[in-house]
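Colleague: Here it is, the structure, as structure tokens.
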């Protein structure tokens, strides 16, 4: 009886263990049945927009920072000594060639001119007398009434009177010129600086600086080019330039577009051995007088047209190795391409190397593409704008 009572708990424990194992197995089976369809379903590759790079000829530009300089700079100094009588301009004003700027007291110069004219009249009278005496003695000497030596003396006096009249007339012209120099006029059109002397100051001829004048139409833009840039431009020039000149475009630091045009008119003869650059100068029209000497501007030079591949700038990515674009292979695999970039042209980035004309570049949906993953390529196009539109 005791043995039978011990077997009952053992049988009950065995039944409980068997039932628990069956319940756990059924639960695991149900879980596998529920999970299996989810694990087997593969998500579709994410869609991206692709397009072949735009192939066309673009104008290559080299950009430099240049400084605006006047095409002429004149330091105005008095050519005669005297007292400044009047100032006829406003500081910083635009003046035209021939405008009156300063007047020096003219009274002593008028007196000098009148004295010179009187001396001319005196010498004219002397000349007239000498001519009359020669005319009187020539027939007397011919008839041997008067000695030949006397005629020679009269002829010498005539030549002396002629020389004296010439000297007096030269002095008269000098006096008239000095009187003209008392009016200091603008030698050319441009912008005048501030006056350095006021009315009442004494000035010395050739020494006292009165003011400065700069010519502003056109202006010069000076810049430095590296040896590589110089060689590139020199080789492009061998292919011919517009009107034999190298065209340039200019914009100020606050201007978005290169709206001003000009041409290079001077390149220095040697490179600077310290910097390895060569100095060049461009001429730019400045009809509105807005370009101010001393200011900086961005200048670009054309090195001609060349075939190039273009992609949207937004399609270019950066990594530790440099710049790259993502392309899609025939099987839909995303493949990165390391590229060497050029400037922007019509809102598109020039790709100098690393890309083939038939590559399919991802231009839309870049956030859904990862190198090595698969994507669904949807055909798009690249137009002459920063954005590419899908067909």
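The values are calculated or read from the model by the stated rules, or taken from the named source; none is laboratory data. Remember, predicted model here, so these are calculated numbers, not experimental data. Ideal geometry is used to build each Cβ from the backbone, glycine not excepted, and the neighbour counts take in all protein chains shown.
Colleague: Go over the candidates 144, 159, 188, 155 one by one and state the one that is surrounded by fewer than 18 Cβ atoms within 10 Å (Cβ to Cβ) and in contact with a helix residue (DSSP H, G or I) (Cβ under 7 Å, 6 or more places away or on another chain). Write out each step before concluding.
Modeller: Working: 144 fails: in contact with a helix residue (DSSP H, G or I) (Cβ under 7 Å, 6 or more places away or on another chain); 159 fails: in contact with a helix residue (DSSP H, G or I) (Cβ under 7 Å, 6 or more places away or on another chain); 188 fails: in contact with a helix residue (DSSP H, G or I) (Cβ under 7 Å, 6 or more places away or on another chain).
After ruling out the rest, the residue left standing is 155.
Colleague: Is there a residue in the stretch 167-183 that is outside any helix (DSSP H, G or I), in contact with a strand residue (DSSP E or B) (Cβ under 9 Å, 6 or more places away or on another chain) and under 30 Å from residue 97 (Cβ atoms)?
Modeller: Within the stretch 167-183, one or more residues are outside any helix (DSSP H, G or I), in contact with a strand residue (DSSP E or B) (Cβ under 9 Å, 6 or more places away or on another chain) and under 30 Å from residue 97 (Cβ atoms).
Colleague: Can you tell which of 332, 372, 322, 365 is over 18 Å from residue 54 (Cα atoms), without any contact (Cβ under 8 Å) to a residue 24 or more places away in the chain and either touching a helix residue (DSSP H, G or I) at 6+ places or on another chain (Cβ under 9 Å) or not assigned by TED's automatic domain parsing to the domain that holds residue 245 (or both)? So that I can check it myself, show each step before the final result.
Modeller: Details: 332 fails: without any contact (Cβ under 8 Å) to a residue 24 or more places away in the chain; 372 fails: without any contact (Cβ under 8 Å) to a residue 24 or more places away in the chain; 365 fails: without any contact (Cβ under 8 Å) to a residue 24 or more places away in the chain.
From the options 332, 372, 322, 365, the qualifying one is 322.
Colleague: Now a separate question. Among the residues of the stretch 103-117, are any in a strand (DSSP E or B) and in contact with a strand residue (DSSP E or B) (Cβ under 9 Å, 6 or more places away or on another chain)? Full working, then the answer.
Modeller: Quick first cut of the stretch 103-117, residues in a strand (DSSP E or B) only: 103-104.
Still in the running and in contact with a strand residue (DSSP E or B) (Cβ under 9 Å, 6 or more places away or on another chain): 103-104.
Yes.
Colleague: Test residue 240 against the stated conditions and say whether it is at pLDDT below 90 and surrounded by fewer than 16 Cβ atoms within 10 Å (Cβ to Cβ). Explain how you work it out, then say what you get.
Modeller: Working: at pLDDT below 90: yes; surrounded by fewer than 16 Cβ atoms within 10 Å (Cβ to Cβ): yes.
Yes, satisfied.
Colleague: If the requirement is being within 30 Å of residue 96 (Cβ to Cβ) and modelled with pLDDT of 85 or more, which of these qualifies: 310, 341, 291?
Modeller: Working: 310 fails: within 30 Å of residue 96 (Cβ to Cβ); 341 fails: within 30 Å of residue 96 (Cβ to Cβ).
After ruling out the rest, the residue left standing is 291.
Colleague: For the stretch 244-349, which fully contained strands (runs of 3 or more DSSP E) count at least 2 residues that are under 21 Å from residue 62 (Cα atoms) and in contact with a strand residue (DSSP E or B) (Cβ under 6 Å, 6 or more places away or on another chain)? Talk me through it step by step, then tell me what you get.
Modeller: Working: elements: 246-252, 260-267, 277-284, 296-312, 317-319, 322-328, 334-345.
In the stretch 244-349, 246-252, 260-267, 277-284, 296-312, 334-345 are the strands (runs of 3 or more DSSP E) which contain 2 or more residues that are under 21 Å from residue 62 (Cα atoms) and in contact with a strand residue (DSSP E or B) (Cβ under 6 Å, 6 or more places away or on another chain).
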